[in-house]
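Below is one structure, written out as structure tokens; comments come after it.
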Amino acid sequence: MSALSELVILKLGGSVITDKGADDGVVREAELLRIAREVSEYRGKLIVVHGAGSFGHTYAKKYGLDRQFDPEGGIVTHKSVKKLSTAVVDALNRFGEGRGGEGPRAVAVHPMGCMVCKNGRIESMYLDNLRLMLENGLVPVLHGDVVMDSELGGCILSGDQIVTYLAKTLKASRLGLGSAADGVLGMDGKAVHEITPGTFEEFSHYIGASENTDVTGGMLGKVRELLELCKTSCITSHIFNAGKADYVHRFLEGEAIGTSICPDKGN
Ligand code: IP8
């Protein structure tokens, strides 16, 4: 098991915890509870970030927020992802309560209230609250959100960008993206074991750009964020299938499952 001082960051994809094909936000309750149970077994320092799924993406698309900021659309979309955040926090705390005070004590941290972007990229974030939460046994839960942007007025911020920013800034030891696929799928439909900055070109043309109503780039967007992280901070990330029973637990316990995005050997 990981040492308590090590920080693990886990992203739960919107396609896993919501019905992404739905026109309005629909939580996949059974999946969320199963994942919350798996997370509750982990005792180390943990940040959970979740995607927006059919909550945020539906409204972001409706109001064209990926093209231009719109205050009304921003509020509607933010309200919608906050609703999903409450569902995630409640599910995690439900399992925390039964473990004699040892289970996760999750608390929502909404990016809209503590992050600012510039041209869609995170420029600053208030982090003292996160550090204190981690030191005091809380599990901060963040999510893809609408945030204010010093150039654009406001923008859509993907959880994929949030996890890499936090991993780099807080020096996480492990980062996992629990998606609805087994990892980055190769030509044979099976998960590619490893992608490095040097081998990315081989795979880039058949990595899916986006699925359903996703306004933030799908699998290709994730891989790009994670490659950037391993180039700048040498942190290895794992994209794995959080829709499969026990995979979240296995990732948290240190197994390299799915596709690893890691630095080139010799770097
Ligand atoms: O699902 C998108 O976050 P993601 C955020 O993590 C919104 O890419 C509001 C659509």
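Taken together, the values in this text are just the output of simple stated rules run on the coordinates, not laboratory data. All figures in this text were calculated on a predicted structure; none of them were measured in a lab. Cβ coordinates were reconstructed from backbone atoms using ideal geometry, including for glycine residues, and neighbour counts include every protein chain displayed.
Here are the numbers for this structure:
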read-out: Local electrostatic count, Val116, Cβ distance below 13 Å [Lys/Arg +1, Asp/Glu -1]; value: -2
read-out: Unit charges on C-beta of K, R, D, E only; dipole of the chain, Debye; value: 420 debye
read-out: Antiparallel bridge percentage (DSSP; both residues within the chain; nearest 5); value: 35 percent
read-out: Normalised contact order of segment 54-187, rounded percent, pairs of Cα under 8 Å and 6 or more residues apart; value: 22 percent
read-out: Among beta bridges that DSSP assigns inside segment 86-155, antiparallel share in %, nearest 5; value: 60 percent
read-out: Shape category assigned to segment 10-94 from the gyration tensor of Cα positions, a/c cut at 1.5; value: prolate
read-out: Selected from Asp188, Asp24, Asp149 as most flexible by GNM, with the chain as the system and alpha-carbon contacts under 10 Å; value: Asp188
read-out: Under the span-like rule (Cα at least 18 Å along the axis, Kyte-Doolittle mean at least 0.0), DSSP H helices of the chain; value: 218-233
read-out: Rotationally averaged projected area of the chain (alpha carbon convex hull; nm²); value: 13.2 nm²
read-out: Relative packing of 226-236, 116-126, 161-171, which averages over residues the other C-beta atoms within 10 Å, highest first; value: 161-171, 226-236, 116-126
read-out: Cα lying deepest toward the dipole's positive end in the chain, options Met115, Pro71, Gly258, charges on Cβ; value: Met115
read-out: Simple label model, 7 Å out from Cα along Cβ direction - Ser150 to Asp246, nm; value: 4.9 nm
read-out: Helical mean residue ellipticity (222 nm; -39500 (n - 2.57) per DSSP H run of 4+; nearest 500) of the chain; value: -11000 deg cm²/dmol
read-out: Extreme residue, positive dipole direction of segment 1-128, given options Val39, Leu10, Val88 (C-beta unit charges); value: Leu10
